[in-house]
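Peer 1: Handing you a structure now.
Taken together, the values in this text are just the output of simple stated rules run on the coordinates, not laboratory data. Every value quoted in this text rests on a predicted model; they were computed, and no experiment measured them. Reconstructed Cβ throughout: ideal geometry from the backbone, glycine too, with neighbour counts over all protein chains shown.
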Amino acid sequence: MARGSETAPRRARRHQAQKAVHRVRTRLRRSAVDYFRGGASDWWAFGALLATVPLLSLATVAWPEWCPSEALVLPLVAGGLLLRPASLLGLYAVVATALVLETALMDAGRGVPDPVTPGTILVVAAVALTGLLIAQFRSRVGVPWRRGGTMLFDLRERIRAQGALPPLPGGWHREVSLRPAGGQSFSGDFVVAARTGADRRTLEVVLTDVSGKGMDAASRSLLLSGAFGGLLGSLPPHAFLPAANGYLLRQNWDEGFATSAHLVLDLDTGDFELLSAGHLPAVQLNAGTGRWEEISAEGPLLGVYDGAEFHPAKGTLRRGDVLMLFTDGLVERSDRDLSEGIDRLTGEADRYVTTGFRGAAWHLIESVAKDVNDDRALLIIGRE
């Protein structure tokens, strides 16, 4: 009985010790995850930058010709990119103290001029102010101090993946090319596509041009691309644009309109319907005649008024036919008519009639609208 009474406390202590070890491991694991995600404390970076300040100050005292006092801006620049505002202010206090100590150590008795001149103070103060503004901006928008750039990179790659067209059965070719204004990574043009229907033999593609261009339209484009991707395939084809119009109206944006073209293509027969919300007409190459024909559908802009109706234009893609959808940045100019821009596009596309349109989307944008400061998008679907 004595042995049993002694064993129970031991088991209780061992159990408590195991729980304590488990709590420590859990905290360490969470700290590690937060650290790599960017949500952890910045004390590692703060400590490293603090350590560089006295090293730079000592180097300035010993070798002022090789390490001037302005070298203290280096930890300030790094701090503006890595630290939170509170930590950054602490770093500024240490740098200011270092400047004072440098002045005291390098006195006039050594025969060298004062290393901390008014110009030095102005340079350090300007860099410190810039770093503080950057840190406050990151803190205000909630961007992690370490993962801000990575987050934008991941977002860009997700947008590209979402705009990829699904694989098509043999005999069909599809490709899309998006070129943001000014060579940026985010565009006001986007594409969403899906194979729909019970047997997935219907291709639905939506090409949308949000008002504005480049980064000005990027935030609205990101929101709409996610919403349109969720609507596509969840609704009957004729219900998509009315639902998209209602969604856009509910946002109450000051500049909230968009144009959109919705293609519904039967991959067995080649029959298609094109619905348009104020979008430019599509052009179709008739392989039998070798001519390009415009396919126009009627419908108002998205986000203008409720109860809008969209009437489809119908057609058929036969063997050798090609259908191109594009945004206004590819064909519109202030110094020429829209029809001239479409003629130029189809004229350049004639070069690919004999060789095939594989890889043609990117080259057509390069040929027709390479140096245009506007978002450009081109979608090509051909039946081989």
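Peer 1: Counting pairs of alpha carbon atoms under 8 Å apart in space and at least six apart in sequence, what relative contact order in percent does the stretch 200-358 give? Please list the in-between numbers first.
Peer 2: On the way: 255 pairs, mean separation 34.5, N = 159.
Relative contact order here is 22 percent.
Peer 1: Please compute the net charge surrounding Arg336, taking Lys and Arg as +1 and Asp and Glu as -1 over other residues with Cβ under 11 Å from its Cβ. Working shown, then result.
Peer 2: Working: positive: Arg333, Arg344; negative: Glu332, Asp335, Asp337, Glu340, Asp343.
Summing Lys/Arg as +1 and Asp/Glu as -1 gives -3.
Peer 1: Still on this model: ³J(HN,Hα) across the stretch 358-370 via Karplus (A = 6.51, B = -1.76, C = 1.60, θ = phi - 60°), whole Hz, x for Gly/Pro?
Peer 2: Once rounded to whole Hz, the list reads 5, x, 7, 4, 4, 5, 5, 5, 4, 7, 8, 8, 6.
Peer 1: Now for a separate question. Where the centroid of each part is defined by its Cα atoms, how far is the stretch 324-349 from the stretch 78-107 in Å?
Peer 2: 57
Peer 1: Same structure again: Enumerate by residue number the trypsin sites (Lys or Arg not before Pro) in the stretch 179-258 meeting two conditions: DSSP loop (anything except H, G, I, E, B), and at most 14 other Cβ atoms within 10 Å of the site's Cβ. Mind showing how you got there, number by number?
Peer 2: Values: sites: Arg195, Arg200, Arg201, Lys213, Arg220, Arg250; in loops: Arg200, Arg201, Lys213.
Counting only loop positions with at most 14 other Cβ atoms within 10 Å, the trypsin sites (Lys or Arg not before Pro) in the stretch 179-258 are Arg200, Arg201.
Peer 1: Please report how far the C-alpha centroid of the stretch 241-267 lies from that of the stretch 354-384, rounded to the nearest whole angstrom.
Peer 2: 24
Peer 1: When Lys and Arg each count +1 and Asp and Glu each count -1, what net charge do the other residues less than 9 Å away from Ala193, Cβ to Cβ, add up to? Don't jump to the answer; show the numbers that get you there.
Peer 2: Values: positive: Arg174, Arg195; negative: Glu204.
Local charge sum for Ala193: +1.
Peer 1: Is the shape of the stretch 209-254 best called rounded, prolate or oblate, per the rule: a/c under 1.5 gives rounded, else a/b larger than b/c gives prolate, else oblate, with a ≥ b ≥ c the square roots of the Cα gyration tensor eigenvalues?
Peer 2: Values: a/c = 2.55, a/b = 1.79, b/c = 1.43.
It comes out prolate by the Cα gyration axes.
Peer 1: Separate question: Please state the shape class of the stretch 291-339: rounded when a/c is under 1.5, otherwise prolate if a/b exceeds b/c and oblate if not, all from the C-alpha gyration tensor. Spell out each step's value before the answer.
Peer 2: Details: a/c = 2.80, a/b = 1.17, b/c = 2.40.
Oblate.
Peer 1: Could you sort the peptides 12-23, 273-284, 315-326, 361-372 by per-residue average Cβ neighbour count (10 Å cutoff), highest mean leading?
Peer 2: Working: 12-23: 10.0, 273-284: 22.2, 315-326: 19.8, 361-372: 16.7.
The peptides rank, most packed first, as 273-284, 315-326, 361-372, 12-23.
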